4 protein chains.
Amino acid sequence: MRFLSDNTGTAAPEMLAALTEANQGLAPAYGSDPWTRRLDDCLSAYFGAQVRAFPVATGTAANSLSLATLTPSYGVILAHEEAHIANDECGAPGFFTGGAQIALLQSPDGKITSRVLAEALDAQPVSVHTTQPTALALSQATELGTSYRPDELTSLCKLAHERGLKVHMDGARFANAAAFLNCHPGDITWRAGVDVLSFGATKNGALTAEAVVFFDTNLVRDFELRRKQSGHLLSKSRYFSAQLLAYVESGLWLRNARKTNTLAQKIGRAAGDMLMHPVEANEIFLALGQERKQALRKSGFEFYDWNSAASGQTRFVVSWDQREEDVGALCEALGRL
Amino acid sequence: MRFLSDNTGTAAPEMLAALTEANQGLAPAYGSDPWTRRLDDCLSAYFGAQVRAFPVATGTAANSLSLATLTPSYGVILAHEEAHIANDECGAPGFFTGGAQIALLQSPDGKITSRVLAEALDAQPVSVHTTQPTALALSQATELGTSYRPDELTSLCKLAHERGLKVHMDGARFANAAAFLNCHPGDITWRAGVDVLSFGATKNGALTAEAVVFFDTNLVRDFELRRKQSGHLLSKSRYFSAQLLAYVESGLWLRNARKTNTLAQKIGRAAGDMLMHPVEANEIFLALGQERKQALRKSGFEFYDWNSAASGQTRFVVSWDQREEDVGALCEALGRL
Amino acid sequence: MRFLSDNTGTAAPEMLAALTEANQGLAPAYGSDPWTRRLDDCLSAYFGAQVRAFPVATGTAANSLSLATLTPSYGVILAHEEAHIANDECGAPGFFTGGAQIALLQSPDGKITSRVLAEALDAQPVSVHTTQPTALALSQATELGTSYRPDELTSLCKLAHERGLKVHMDGARFANAAAFLNCHPGDITWRAGVDVLSFGATKNGALTAEAVVFFDTNLVRDFELRRKQSGHLLSKSRYFSAQLLAYVESGLWLRNARKTNTLAQKIGRAAGDMLMHPVEANEIFLALGQERKQALRKSGFEFYDWNSAASGQTRFVVSWDQREEDVGALCEALGRL
Amino acid sequence: MRFLSDNTGTAAPEMLAALTEANQGLAPAYGSDPWTRRLDDCLSAYFGAQVRAFPVATGTAANSLSLATLTPSYGVILAHEEAHIANDECGAPGFFTGGAQIALLQSPDGKITSRVLAEALDAQPVSVHTTQPTALALSQATELGTSYRPDELTSLCKLAHERGLKVHMDGARFANAAAFLNCHPGDITWRAGVDVLSFGATKNGALTAEAVVFFDTNLVRDFELRRKQSGHLLSKSRYFSAQLLAYVESGLWLRNARKTNTLAQKIGRAAGDMLMHPVEANEIFLALGQERKQALRKSGFEFYDWNSAASGQTRFVVSWDQREEDVGALCEALGRL
């Protein structure tokens, strides 16, 4: 019974159907195909604003290419200390920018607060001797399974823009946040002030498809060249765009996110006071301690240690295709602990 | 009737079947899935040597990540002036290596000769003031649709190794070369001295799948970290590995390459003395001139200008799913010119 | 009365004499001159070990070039949160390595302890998803004016090497540490396990001269090419090497360091409990608060706020050519506060 | 009798005097000193236009930092195939830009012609797949000892600007070109359309001092941060700025250039038809062949082979402090050959 990651999931039937549908006839390569050409319109409708959208194969590519359009080699990206870009991408933002650093902000539940951001920006006077703060990187949902409210995002983006920073959002689990908040996708992106979004589909039912979505379309040309130069312009783009179109237009994004959120909350409730953070997406963090960890693993549950094995902390993630009986079994087991 | 590129082709039924077969149950992400774990064995059998193989989504990624394991920022990569890495990848090798340059070698039919290589290496004394020659990059089949013979490769690799260079092979159309030469895949890779191969499947029937194949396995750890840092470690790797397994194990690689080679040769014969280079893969280069170009386009044929529109030179590429009647029509039209 | 930085100082007469002496006749460029050729022997004698030494013009160059020989783009450098490389070099290590990050360690008085280092290395399991710890960067004297004892360095280097990290030492104020500790230069470098040292002379009486000193001479060829590629190979190297030779051979390094250390300790004693850190070099950190800061500045003393103006913390640095009466005046003023 | 390079020369007395004069009292570091603050005015007067000027220690730094402000990682710099940036800087432009390539243009006597530039820009259609032409790099005087006339520069810059390229000039021997052309420094820089200049003093009598001069001052902030990040902001900048001020204001630049030009022309005349290029600066290129090379070396003359030893071609350079009797001896020896 695997609760390791939503990356362990399969592709939804809608995705394989989309591939089959796109598999018709010779089509121009490198994004000139009919599917990719429709992507801007599809995502503009989805977000309620004119956007430019580009498919890439991985979330790391989406994040780092976005950040590289915002950040020179001497820039510094402000991010939560739990951010995926800081801990799980092997230094990708540094590589894509030619050297930029990530400044780690600490605050509870994986969410940067305006106060913490302001303090970080005030802490050291910027001069030619220091790295230059150029980007704020937010994750929605966060790495700890929580979701920023629209007004929280608005405050953060306002502050960032006032200080000359652009805002990137890592939306690897964007659908989960939107589903939890029950809001319009525009409310937690451009209306709040986000400049670029990594819009993830892979973790929520696609084979492999992420879109980089530009609300600030001035950044697009630079992005397109960086994407090509880093090997992320896909020759047969149609197979990626077709997934993204189906993901949005069939409503799969919301169906899957609602399902995994609901199951995650069920697990969260069963965990009682072992629960470390509010469950506002499809991840559950539990302070199990060594004994209970061992007991659960003996019972056949797979999950990750969080931070280090010594911490006793753990992460469970619900995939869109998680078997409901496995979730039931987990809840029961947690109840027994 | 599109003869623009083999990138315009669809995915073969074997590929979609492989995706469906891989779409079963939760599987560990990032290459720990059963399909990816089988890739080394599959490609070791294919090449007749112990190799390490890694799926990536694009040929540019395969080439540049390979080259980055061979070349520091102060290195120089020797390549034919028509090489894809030099002309069609937006400077990717420079980016992945942090600055390395490409030295362009000129020789007929897209094939570097040992003499040309030796002359280039002798031309300028290497010192701390110059870039350092560290890699020889070969394309097989070449960008001009020709194929190196095994003994040509052996001479080139021997010379390169004597001078301290490692050898990379861009095998975006590797299957076409192997099919044309009717040789064992090992004969034009490790037996000849190639250190790393970009083994392409996308142009020859896959949706999107390339493998980086290391014959020199010392380079692997550096590669794995570079792959992750550049956003090319695929979370749901199974869908890429499954394509590669099916591509090799079903014999699709050879079936498709033989078909496209045969059709290309038919076109080559029809072109008579307009033919610019021997047809030894699935590409045909024709010196049409402006009038004949126009005539063919009026008749509904799509193809690329080569070099510039003013040159009158053109490139036709046969896809694995090219309709045979379209090839027939093209041959007829060429005969009429 | 300037206590802003030792960078504000002039060049010692010994340095100008050395330039004049080196200014004789045509000499081969780029380090083949007699002065530079003597540098290895001079510094081998100084350190009591066979070293390779190279002049560069700035401390940032010395630090970053050293670190780039130790750290790939996917590496992470562990350093104290107050380190010059982290705060005062505009992200230079990230640029020179093509993306490496700096992990900031917190511990009192600017000195990393073995416990803090061990905890940092244990905190997160290293995998292909994380940056790879490859270098430990120490400053001697530290950025807070303290000095590591030889046994502290030995423990740190031993731990670093056990974990596969190489050790760099930023010795912008190396002479001050050696003078304070009254030890042999070898005791706080290679005998303790340091692999590469930035040996600074600029802050201690040179016009502009730093040496990169390799105790691990395997790193030298890579360094030489990186130095040239980054524009740090000086054409008329003789003028930099001549300074370094005179700095070491005339005993200037020790004379000046002893003088500035003594004056700094005098100031430290006058400061009483405003003193924030032990005075073990030529820097004094004082918690003055806003009022006393203002009073001192009104009296004509120039010094830097530390961290931010709001902190009330300040830094005073003694230059080798600081007027003793100014130090006396400062001590008196501090006594009055 | 060394004719190896102007880098072998000593520093002129004016330069040592300037250092001594600058060696007075504590002065703010990192360019806030009185000498550096006067540099903009000094060079604005020299060029007859409002410029921003910055001292750096090497020509490679000046060139690459300039180019990095003009060229992203996916850019391509067009330069003559003999350019110093292409052959003698270990790939520095690639490193500073994070990957940009140099396209080599061929034309006689080291001078790019407008026709050659136009053809290069027309040769390949620019797309997202190609590197993007962003900068034209000219050398004045050229690497082959010739000098562009003002109208040649005007045509080149006009063409470059029309195509969206910025223009950099490598003026390592700028004074020699200006002296030969007997023109105002503005005539061969901003009036012709140059955007950034590497203004060299080291080869013409300084110890070590180059200025980066921006005619397009929009590039300045990016430059300043890149300079710091690459370790080229000099802490005791005063010693570099003082040299530059004295170099310009004392007329040393012109005196030395006139002298070396005159001696070079004398050698050129003595060489008769061995002379390979017009002598329009302080370099002389001679097709000596192996026997005459050997004869000259036996007679005690030192000079470099050009291209390779096998070529029989050679380069002689006159330093500002070259002994006139050595030049006389060389002329005589050449006459005898």
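The values are calculated or read from the model by the stated rules, or taken from the named source; none is laboratory data. None of the values given here were measured: they were computed from a predicted structure. Here the Cβ is made from the backbone with ideal geometry for all residues, glycine too, and neighbour counts use every protein chain on show. Quick note on the areas: whole protein, heavy atoms, side chains included, nothing else; ligands and nucleic acids left out. Shrake-Rupley method; radii C 1.70, N 1.55, O 1.52, S 1.80 Å.
Taking 37 °C and 0.692 mPa s as conditions, region B:73-163 diffuses translationally at an estimated 243 µm²/s according to Stokes-Einstein applied to its Kirkwood radius (Cα pairs).
When Rg is the radius of gyration of the Cα atoms in chain D and Rh is its Kirkwood radius, what does Rg/Rh come to?
Here Rg/Rh amounts to 0.97.
Normalised by 2.2 N^0.38 Å, where N is the number of residues, the alpha-carbon radius of gyration of region B:126-177 equals 1.31. Over region B:1-103, the alpha carbon radius of gyration divided by the compact-protein estimate 2.2 N^0.38 Å works out to 1.36.
Taking all Cα-Cα distances within region A:225-337, those exceeding 17 Å account for 62%.
Take region C:183-335 with all the other protein chains still there, run a 1.4 Å probe, and you get 33 Å² of accessible area per residue.
Which of C:LYS158/D:LYS228; A:LYS158/D:LYS228; C:LYS203/C:LYS293; A:LYS111/A:LYS166 have a Cα-Cα distance over 22 Å?
Numbers: C:LYS158/D:LYS228 33 Å; A:LYS158/D:LYS228 30 Å; C:LYS203/C:LYS293 25 Å; A:LYS111/A:LYS166 18 Å.
From C:LYS158/D:LYS228; A:LYS158/D:LYS228; C:LYS203/C:LYS293; A:LYS111/A:LYS166, over 22 Å: C:LYS158/D:LYS228; A:LYS158/D:LYS228; C:LYS203/C:LYS293.
In order along region D:157-168, the phi-based Karplus estimate (6.51 cos²θ - 1.76 cosθ + 1.60, θ = phi - 60°) of 3J(HN,Hα) comes to 5, 4, 4, 4, 5, 4, 8, x, 9, 8, 10, 10 Hz; Gly and Pro are listed as x. Sequence-distant contacts, meaning Cα pairs under 8 Å at least 6 residues apart, place the relative contact order of region D:1-122 at 16 percent. Backbone geometry of region C:23-33 corresponds, through the Karplus equation with coefficients 6.51, -1.76 and 1.60 at θ = phi - 60°, to 3J(HN,Hα) couplings of 8, 10, x, 5, 9, x, 8, 6, x, 8, 7 Hz, x marking Gly and Pro.
Taken over the protein assembly as shown, the ratio of Cα radius of gyration to 2.2 N^0.38 Å equals 0.95.
Sorted by accessible area (1.4 Å probe), largest first, how do D:LEU197, B:LEU337 line up?
Ranking D:LEU197, B:LEU337 by accessible area, largest first, yields B:LEU337, D:LEU197.
Shielding of peptide B:3-13 by partners, expressed as the average count of other chain Cβ atoms within 10 Å per residue Cβ, is 5. Size descriptors for region A:128-259: radius of gyration and Dmax over Cα atoms are 15.6, 51 Å. Projecting the Cα positions of D:LEU153, D:SER73, D:VAL248 onto the charge dipole of chain D (unit charges on Cβ atoms of Lys, Arg, Asp and Glu, taken about the Cα centre) puts D:VAL248 furthest along the positive direction.
Starting from the coordinates of the alpha-carbon atoms of region A:159-221, obtain the Kirkwood hydrodynamic radius over all distinct pairs and give the value in Å to one decimal. Display every interim value, and only then the final one.
Working: mean 1/r = 0.0801 Å⁻¹.
Computed over region A:159-221, the radius equals 12.5 Å.
Taking the Cα centre of chain A as origin and assigning +1 to Lys and Arg Cβ atoms and -1 to Asp and Glu Cβ atoms, the resulting dipole is close to 320 debye.
Placing +1 on the Cβ of every Lys and Arg and -1 on the Cβ of every Asp and Glu, with nothing else charged, gives region C:138-193 a dipole about its Cα centre of roughly 120 debye. When D:ARG238, B:ARG38 are compared by accessible surface with a 1.4 Å probe, the order from highest to lowest is B:ARG38, D:ARG238. Only lysines eight or more places from D:LYS298 in sequence, or on another chain, were considered; those with a Cα closer than 25 Å are D:LYS266.
Along its three principal directions, the equivalent ellipsoid of region D:1-55 from the Cα gyration tensor extends over semi-axes of 26, 19, 10 Å, largest first.
Region A:196-246 and region A:264-337 have Cα centres lying 32 Å from one another. Per-residue Karplus couplings for region C:145-156, computed as 6.51 cos²θ - 1.76 cosθ + 1.60 with θ equal to phi - 60°, are listed in order as x, 9, 10, 5, 7, x, 6, 5, 5, 4, 5, 5 Hz, Gly and Pro entered as x.
Between copies, the label points at C:PRO13 (set 7 angstrom from Cα along Cα-to-Cβ) are spaced 2.2, 9.4, 9.6 nm, reported in nanometres from shortest to longest. Between copies, the label points of C:GLY272, set 7 Å from Cα on the Cα→Cβ line, lie 5.8, 9.0, 10.7 nm apart, reported in increasing order to one decimal in nanometres.
Chain D residue nearest by beta-carbon to the axis mapping D to C, with distance in Å: D:ALA57, 2.
Between region A:1-77 and region C:77-154, the alpha-carbon centres lie 37 Å apart.
Suppose accessible area is computed on protein heavy atoms with a 1.4 Å probe; arrange B:HIS84, B:HIS184 from highest to lowest.
The ordering from most to least exposed comes out as B:HIS184, B:HIS84.
Each copy carries a label point for D:ASP305 at 7 Å from Cα along the beta-carbon vector; from one copy to the others these points are 4.4, 6.1, 6.2 nm apart, nearest first. Inter-chain neighbour count for D:231-244: the average number of beta-carbon atoms from partner chains within 10 Å of each residue's beta-carbon is 6. Note on the protein assembly as shown: with neighbouring protein chains present and a 1.4 Å probe, carbon and sulfur make up 50 percent of its accessible heavy-atom surface. Per-residue shielding of C:217-225, expressed as the average number of other chain Cβ atoms within 10 Å of the residue Cβ, stands at 2.
For region C:52-124, the solvent-accessible area with a 1.4 angstrom probe is 26 square angstrom per residue. Simple rule: put +1 on each Lys or Arg Cβ and -1 on each Asp or Glu Cβ in chain D, find the dipole, and look at D:PHE215, D:GLN229, D:ALA141; the Cα lying farthest toward the positive end is D:GLN229. Interface size between chain A and chain B, please: total buried accessible area, 1.4 Å probe, rounded to the nearest 100 Å². Its buried surface, counting both partners, is about 4100 Å².
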